[in-house]
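Some notes on the structure that comes next.
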Amino acid sequence: MTPCEILKAGGIIILPTDTVPGVFALAFNDEAVKSIRTLKGSGGEKPLQVWVSDPKQASELGVSPKDLIILEKFLPGPYTVIVPTEMKTAAFSNGTVGIRCSTVNEINKIIDECGPLAATSLNESGGEFSLSLLRSPAFADIHVFGEISEKIGIPSTVIRKNGLGYDILRLGAGGLENMAADVIIGSDHAGFEMKEKVKEILQMKKKEFLDMGAFDTNSVDYPDIAQKVAVTVLETGSKGILICGTGIGMSIAANRFKGIRAALCHSPEYVELARRHNDANILVVGGRFLDPKELDKMIDTFFNTDFEGGRHGKRVESIEK
Ligand code: RB5
């Protein structure tokens, strides 16, 4: 049987992709979608990825025209872009859908013939990919089309639209080059609440942002977030904002990256001097110590103050040597 014959009969197939091998069913066949969930042991309500062959096709999935523009910013490519949908099916349960559109011709041909596909990666829920999973009895009747290599591949980068910005829920195979924004932000758990305030201010100022996490107050290690923000700032030339409890850990971690000048600031005056004298490209604040009333002016100053150069230029250059 061909992949489409199996899918149209309500079956499931496994295909290699540009990232991790995937388990696919027709997105609008609720029974088939439910059996993917059972197979994965993930059950539940978690939205699956829905694959289209062209980002514009996402309009058939209840995605608004304004969100189609966002999809076209990243797709096709190894990204999963989570956008709102009003549709309620087994594949997109809680008001959102994660859209994928890859450059793999074989998959796009199947989608053109059968319609959008729901998919999940071939690994145990929350676990590692393993070919042994394929040999388990649950997979015995499932057709594999194409070569599934022992190498897992890197999972997709997962992006969720958030007002004027994007939450980067997972940094994966998608390159950082088209991740430029007005500002890349990040915090640990201790800075999370202040980061939410920063986002409100950025929305008001019509600034586009990328949020590298954390996305709740569960404990995370500040060096991990500092690293994601620093690398993205270096790759895109965007500015950055980092927040931890004191701001100290984030400054230390971010400043390990050559080309990063992260400045821990306590007032707009600090920010002005950090820009004029140090050409700071990351503003760091202490979420447990800074008065949030200071934030608005500090952010304005960070965006609108130019580096003076001259004698300061010589000094900054010698840091980078
Ligand atoms: C977390 O408790 C805290 O240590 C961290 O947010 C930061 O202040 C480190 O420098």
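The values are calculated or read from the model by the stated rules, or taken from the named source; none is laboratory data. Since the model is a prediction, treat every value here as computed from it, not as a measurement. When we count neighbours, we look across all protein chains shown, and the Cβ atoms used for this are built from the backbone with ideal geometry, even at glycine.
Below are the figures for this structure:
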| quantity | calculated |
| --- | --- |
| Residue match in the stretch 306-315 (condition: surrounded by 18 or more Cβ atoms within 10 Å (Cβ to Cβ), part of a helix (DSSP H, G or I) and away from the ligand (no atom under 16 Å from the Cβ)) | no |
| Residue among I243, I248 that alone is over 15 Å from the mean Cα position of the chain (by Cα), crowded, with 18+ Cβ neighbours inside 10 Å and of a type outside the set (D, E) | I243 |
| Those residues of the stretch 145-196 which are among the hydroxyl-bearing types (S, T, Y) and within 16 Å of the ligand (Cβ to nearest atom), in sequence order | S187 |
| Every residue from the stretch 93-117 that is farther than 11 Å from V52 by Cβ and touching a helix residue (DSSP H, G or I) at 6+ places or on another chain (Cβ under 7 Å) | I110, E113, C114 |
| Cβ pairs under 7 Å, 6+ apart, first in the stretch 239-260 and assigned by TED's automatic domain parsing to the domain that holds E193, second more than 15 Å from the ligand (Cβ to nearest atom) and of a type in the set (S, T, N, Q) | K239/N281; G240/N281; I260/N281 |
| Verdict on S187 being buried (at least 17 other Cβ atoms within 10 Å of the Cβ), under 16 Å from the mean Cα position of the chain (by Cα) and not assigned by TED's automatic domain parsing to the domain that holds V23 | yes |
| Yes/no for N94 being more than 23 Å from the chain's Cα centre (by Cα) and not charged (D, E, K, R) | no |
| Meets criteria (of a type in the set (A, V, I, L, M, F, W, C), at pLDDT below 95 and closer than 18 Å to V233 by Cα) for I282 | no |
| Residue count, the stretch 198-215 (criterion: over 15 Å from the mean Cα position of the chain (by Cα) and within 16 Å of the ligand (Cβ to nearest atom)) | 1 |
| Any pair with Cβ under 8 angstrom, 6 or more apart, that starts in the stretch 92-104 at a residue that is in the same structural domain as V81 (by TED's automatic domain parsing) and of a type in the set (S, T, N, Q) and ends at one that is assigned to a strand (DSSP E or B) and modelled with pLDDT of 90 or more | T96/I82; T96/V83; T96/P84; T96/R160; S102/W51; S102/G77; S102/P78; T103/G77 |
| Matching helices (runs of 4 or more DSSP H) fully within the stretch 21-116 where at least 1 residues are within 24 Å of T2 (Cβ to Cβ) and at pLDDT below 90 | 30-40 |
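So that you can scan it fast, the table gives a plain yes or no per residue for (1) β-branched (V, I, T); (2) surrounded by fewer than 18 Cβ atoms within 10 Å (Cβ to Cβ):
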residue	(1), (2)
Q49	no, no
S59	no, yes
I70	yes, no
K73	no, yes
V81	yes, no
P84	no, yes
I99	yes, no
N105	no, yes
